[in-house]
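Derivation of every value follows stated rules applied to the coordinates shown; laboratory data play no part. Values in this document were obtained by computation on a predicted structure and should not be read as measured data. Neighbour counts run over all protein chains shown; Cβ positions are idealised from the backbone, glycine included.
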């Protein structure tokens, strides 16, 4: 079943002058068609201005498509009566951890969503307990967000969405402002939410390494989907990615270069372990020490 | 340093004061502030001191932490003390040129200083022991009757609580922008008033822009989390008066009556 | 010209219960024209350290010498120090404030007391170095893209013509294209103008590629000051500090464990490619 369906979506930003006349129209998305299956982990890649953040906002009905339709679990985002159910179904985490935490106490912030939804107090407490433990932040329950690191704040923001019991979470560059350890924690957290709780994840990023474990990678450029496939297939297309100014993980690039040099390595090697797995037999057979091995 | 401002900060601790209903604390703070302006006698200040010190003890907030908050009002304190010290007429105790200090002056200045300090400590004690959300709830409930007159009580309360959350962030940001502009040769310290005011532009413009950007981001994040005003909103910990609050109100009434009575005392 | 830190120690809120040591006895000397990477986990003291290097923070003890002159001594003109040691903060685009790009970049040189024409000359030069096209000079800085804004902000420091340029995570939050552009400009400044660069970065891959030497901070102390290759040999220790070596270094270690004699010091894709080709070429020759 599809949790997200975008059909022929067009979105434009209008720039108006002082007299409110349209000065310039920038097309952010054009003829975008994407469906995302329930329970999947999808990564959206693309450089700034490719339209990926706009797409994220459309999924949460924070913005409405100019043309075309967005369906969240079958609900049209234009349907005002469904607004709250859409946001309940498809939660959202933003880039800047400071600018999305509302309260001065972690637990109160996590409760904010359920409170807005009118959930009963006892149930809110249960949900907050559950959400904090899922992101591994129970120990910080009564702390102020100002005392937390960027990665911890971002996990609190994720807990705030989890407490709304969404079917899908859209994360708009949640790791862009974090240091490597914060990034690792956030990526691990969302992967667990996907595996253990079956929450659909739409992870928008420009860190290629984060896309390696996704079920599916969508690459966007100038408001369009230009690639849509498994990570392995996507990372086989090194030249194309470089042309889109996206680059590939170092190991993938090394494998690609070695392949160009004539080594029979498969395309789309993603991890060090994989590279070793293919490289070691080759080295044993054809490498410098090959004779010694045979002897 | 700017970061030392503790007014509006919350200090988590497992204390009786923390557990009180925010409405009780609001009422208590109001009565306490009022009582400071009612009394003018040594006995009155003594009672207020006992009340304040025991409240601090009960709150389990370290004394040092509370005193740090006073740094923010040092200038105000110095100004008002010197005004009272030098400008109060009465029997001169000390004269040097145009400087004249009177016994009355010392007395008023002293009381003024104590009053100001107690005022700040009293109100920061409330914010230190009450989470901003609870405070918002308390205000919203206590002032709920004003909704009938078209006052957007929920919205105002929400704004207050968000402002409290962003004060430390913006303070830190001010510090950062100041340093960054200093690295570009900006000078915030020397020069006359006009030059100083002009020097603030490179600080204030980025600061305002940042505040606006944060506000826009936050509004979007709140909307994404189903915020749609106060209607239909529930609370994780709804306000309920408990046994503790009853006791607190009784103590408050006794305190306030005692303070009122000190006015009748002859000294 | 050299930049030398001697026994730098910084204690925040000394004498209170909140006392904390942000920098403990840090000493090093950076020669002229060196490209230095500064790495360390968040909170390791990196930011505190760089703020001392251009006099924004005063050390509790120890000092900084610029060309042999103590920058914290009485007679030292702090403004001149700051013009010679440019410091670009994290997310520097948040300092932009003027109506147009050019005026903003002129802010630094004008503070140095230069005339309007001179300041403009320097500003234009700085904007060229960061690769911002002339059509943007008269535009408002707030209309530009994130990457462009950042380049304008860096130009704002470059226009003071510093000899040493310190950048605190200049690529944070940018997309790969923006990252490459910024790192490219920094590398050009280093190679073509001979600027001394101190680059604070979380990316081991970036510092492996560009830096001549690495400063590694951990728990307020300087742990290593050596070439990247020598530092990455300690990849186990780096991990304990919450850091890591580049992926290629780990590959070298894996290959050596499997019995293949590659150079343990390889750290970039190009080096790894050469090393692995060598393993095969050995057989061709024999």
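Bridges between two residues of the protein assembly as shown, per DSSP, are antiparallel at a rate of about 55%. When A:23, B:231 are arranged by Cβ crowding within 10 Å, least crowded first, meaning fewest neighbours, the order is B:231, A:23. For segment C:246-286, the ratio of Cα radius of gyration to the globular rule of thumb 2.2 N^0.38 Å stands at 1.11.
Give the distance, in whole Å, between the Cα centre of segment B:129-194 and the Cα centre of segment A:1-75. Each part's Cα centre sits 34 Å from the other's. Taking only the Cα atoms of segment A:146-186, the radius of gyration and Dmax are 10.5, 30 Å. This ranking places C:84, C:179, A:126, C:150 by how few other beta-carbon atoms lie within 10 Å of each, fewest first, which gives A:126, C:84, C:179, C:150. The length gained on full extension between residue B:64 and residue B:46, counted as 0.36 nm times the residue separation minus their Cα-Cα distance, comes to 4.4 nm. How far is helix A:250-260 tilted, in degrees, relative to the longest principal axis of the Cα atoms in chain A, given as a value from 0 to 90 rounded to the nearest 10? Roughly 40 degrees, rounded to the nearest 10. Among the residues of B:156-166, the average count of other protein chain beta-carbon atoms within 10 Å of the residue beta-carbon is 2. Across chain A, the mean sequence separation of Cα contacts (distance under 8 Å, 6 or more residues apart), normalised by length, yields a relative contact order of 20 percent. Take residue C:128 and residue B:34, extend 7 Å from each Cα along the Cα→Cβ direction, and tell me the distance between the two endpoints in nm. Result for the modelled spin labels: 7.3 nm. The value of relative contact order for chain C, using C-alpha pairs under 8 Å at least six residues apart, is 21 percent. What the pair-distance distribution of chain B shows, using all Cα-Cα distances binned every 5 Å from zero, is 1, 5, 9, 12, 13, 13, 13, 12, 9, 7, 4, 1, 0, 0 percent. The value for segment C:47-191 of Rg(Cα) / (2.2 N^0.38 Å) is 1.06. Directionally averaged projected area (segment A:1-110, Cα convex hull): 9.3 nm².
The angle between the Cα long axis of helix C:247-257 and the longest principal axis of the Cα atoms of chain C comes to about 20 degrees, rounded to the nearest 10. Please list, in order, the residues from segment B:117-147 whose amide nitrogen is less than 19 Å from a point placed 7 Å along the Cα→Cβ vector of residue B:53. Only B:117-123, B:125 fall inside the zone, counting backbone N under 19 Å. Partner shielding of A:249-258 amounts to 5, given as the average count of beta-carbon atoms from other chains within 10 Å of each residue beta-carbon.
Size descriptors for segment B:1-156, from the alpha-carbon set: Rg then Dmax equal 18.7, 60 Å. Here is the P(r) of the protein assembly as shown: all C-alpha pair distances, binned every 20 Å from 0, give 13, 39, 35, 11, 2, 0 in whole percents. The slack in the chain from residue B:167 to residue B:119, taken as 0.36 nm per residue of separation less the alpha-carbon distance, amounts to 15.2 nm.
Using a simple spin-label model with pseudo-atoms 7 Å out from Cα toward Cβ, residue B:87 and residue B:217 lie 4.5 nm apart. For residue A:226 and residue C:99, FRET efficiency with R0 = 45 Å and r from the beta-carbon atoms, rounded to 0.05? After rounding, the FRET efficiency stands at 0.75.
The calculated P(r) of segment A:155-295, using every Cα pair and 5 Å bins from 0, goes 2, 8, 16, 17, 16, 14, 10, 7, 5, 3, 2, 1, 0 in percent. At the listed q of 0.20 Å⁻¹, the Debye profile of segment B:111-267, built from one uniform point per Cα, gives log10 I(q)/I(0) equal to -1.33.
Put in order of Cβ neighbour count within 10 Å, fewest first, the listed residues B:118, A:256 become B:118, A:256. Normalised by 2.2 N^0.38 Å, where N is the number of residues, the C-alpha radius of gyration of chain A stands at 1.15.
Using the Cβ-Cβ distance between residue A:123 and residue B:19 with R0 set to 25 Å, the FRET efficiency from 1/(1 + (r/R0)^6) comes to roughly 0.65. Summarising the label geometry, the points placed 7 Å from Cα in the beta-carbon direction at residue A:14 and residue C:138 lie 2.8 nm from one another.
Per the Debye formula on identical point scatterers at the alpha carbon atoms of chain C, with no solvent, log10 I(q)/I(0) at q = 0.09, 0.14 Å⁻¹ is -0.49, -1.04. The mean sequence distance of close C-alpha pairs (under 8 Å, at least 6 residues apart), as a share of the length of segment A:102-232, puts its relative contact order at 21 percent.
Spatially, segment C:228-286 and segment A:110-169 are offset by 43 Å when compared through their Cα centroids. If you plug the beta carbon distance of residue A:260 and residue C:281 into 1/(1 + (r/R0)^6) with R0 = 22 Å, you get a FRET efficiency near 0.90.
The angle separating the long axis of helix A:180-197 from the principal Cα axis of greatest extent in chain A is about 80 degrees.
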